[in-house]
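Beneath this line is the structure, given in structure tokens, with notes to follow.
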Amino acid sequence: MLALPLYAALAQTPPDVAEILKKVGRTYQAAKDYELVAGFTFQDNGAAAGGHMLFAFKTPNRYRMEGALPGMGLGGAGSDKAILVDDGATIYCYLPQMNGYASFSASELTGDAPGDAGDMRPEAVDHYLMWRYRGAADFAATARFLREETIEIAGAKVPCYVVAVSPERGGHTYTWWVDQKLYHVLREDQGEGKNASSTVYTLVQLDSPPAAELFKFVPPPGARKIEVPK
């Protein structure tokens with residue numbers, strides 16, 4: 001009799017990872033307007049580093065990226081905070097450390113734009129943020145269900161499915177913590193050791209448009225306009 005509960009636990013069938021990923025894909029494919037807030041930790045030359053970002057997108061051509069992440073700033077060492085806003089007509093890039101901002105027409109962002117400018121196109125930003133979640137079902141053949149685990153997000157305990165996915169694109173393997181109720185990816189880990197990184201989403205808003213104010217840029221007091229060489 002004592003063995004029966006143990007036998008029952010061992011006999012439980014784990015959740016179908018393909019079904020989990022299908023529901024993740026449907027959830028994110030339905031989200032045309034969204035807002036994400038995330039914290040990052042990763043290894044930077046062997047030392048632990050971190051950052052925090054807000055991403056907001058409104059179809060078809062408005063977005064905001066704001067926060068601090070090493071390498072994001074454009075003004076040299078220590079200038080890792082930045083705000084990037086596309087209001088549908090104009091792109092604004094503000095660097096708080098310099099209290100300076102640049103702006104240029106969104107029509108200049110083409111696929112063949114010089115340097116990394118093409119990566120600032122709304123469709124490129126949207127793709128970068130969402131492609132693997134929207135395409136989650138495509139990874140089912142090589143995905144693995146790892147376990148169920150409850151994690152704390154913004155002070156709330158959320159039961160999650162933990163799955164490993166290996167998108168062929170990019171060759172990376174990700175570990176996802178998927179909200180069992182909403183099918184939002186709440187945490188994403190990648191790599192190991194010196195190449196390890198982790199993203200924790202403290203806000204995943206997929207069911208309502210972000211506030212309109214997020215897509216407006218008003219220069220802070222005293223901010224100077226920086227002319228961008230053509």
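The values are calculated or read from the model by the stated rules, or taken from the named source; none is laboratory data. Note that the structure is a prediction, hence the values are computed from the model and not measured. Cβ sites come from the backbone with ideal geometry, for glycine too, and all protein chains shown count toward neighbours.
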Task: Criterion (aromatic (Phe, Trp, Tyr) and modelled with pLDDT under 95) met by exactly one of TYR133, TYR128 - done: TYR128
Task: Members of segment 213-230 found to be outside any loop (DSSP other than H, G, I, E, B) and surrounded by fewer than 17 Cβ atoms within 10 Å (Cβ to Cβ), listed by number - done: GLU213, ARG224, LYS225
Task: Hits in segment 174-198 - residues which are farther than 24 Å from ALA154 by Cα and in contact with a Gly (Cβ under 7 Å, 6 or more places away or on another chain) - done: LYS194
TODO: Among the residues of segment 180-212, write down those that are over 20 Å from ALA31 (Cβ atoms) and either free of Cβ contacts under 8 Å to residues at least 12 places away in the same chain or part of a strand (DSSP E or B) (or both).
DONE: ASP189, GLN190, GLU192, SER197, SER198
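Output yes when any residue across segment 177-193 is closer than 16 Å to PHE40 by Cβ and in contact with a Lys or Arg (Cβ under 6 Å, 6 or more places away or on another chain), and no when none is. Please lay out each step first, then the result.
Filtering segment 177-193 down to residues closer than 16 Å to PHE40 by Cβ leaves 177, 185-191.
Okay, now just the ones that are also in contact with a Lys or Arg (Cβ under 6 Å, 6 or more places away or on another chain), so 177.
For segment 177-193, residues closer than 16 Å to PHE40 by Cβ and in contact with a Lys or Arg (Cβ under 6 Å, 6 or more places away or on another chain): present.
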Task: Among (1) modelled with pLDDT of 95 or more; (2) more than 24 Å from ALA31 (Cα to Cα) - the single one GLU227 does not satisfy - done: (1)
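Right, GLU152: outside any loop (DSSP other than H, G, I, E, B), loosely packed, with under 12 Cβ neighbours inside 10 Å and within 20 Å of the chain's Cα centre (by Cα) or not?
Values: outside any loop (DSSP other than H, G, I, E, B): yes; loosely packed, with under 12 Cβ neighbours inside 10 Å: yes; within 20 Å of the chain's Cα centre (by Cα): yes.
In short, yes.
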Task: TYR201 vs. criteria under 19 Å from PHE40 (Cβ atoms), touching a Gly at 6+ places or on another chain (Cβ under 9 Å) and not polar (S, T, N, Q) - done: yes
- [ ] Return the only residue of ALA124, ALA141 being within 30 Å of LEU84 (Cβ to Cβ), assigned to a helix (DSSP H, G or I) and without any contact (Cβ under 8 Å) to a residue 60 or more places away in the chain.
- [x] ALA124
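Restricting to segment 155-190, and then to whatever is at positive phi and modelled with pLDDT under 95, can you tell me which residue is farthest from the chain's Cα centre (by Cα)? Full working, then the answer.
Our first condition is that a residue be at positive phi; within segment 155-190, this holds for 155, 170-171, 183.
Adding the requirement that they be modelled with pLDDT under 95 leaves 155, 170-171.
Details: GLY155: 20, GLY170: 16, GLY171: 18 Å.
Applying the filter and picking the extreme gives GLY155.
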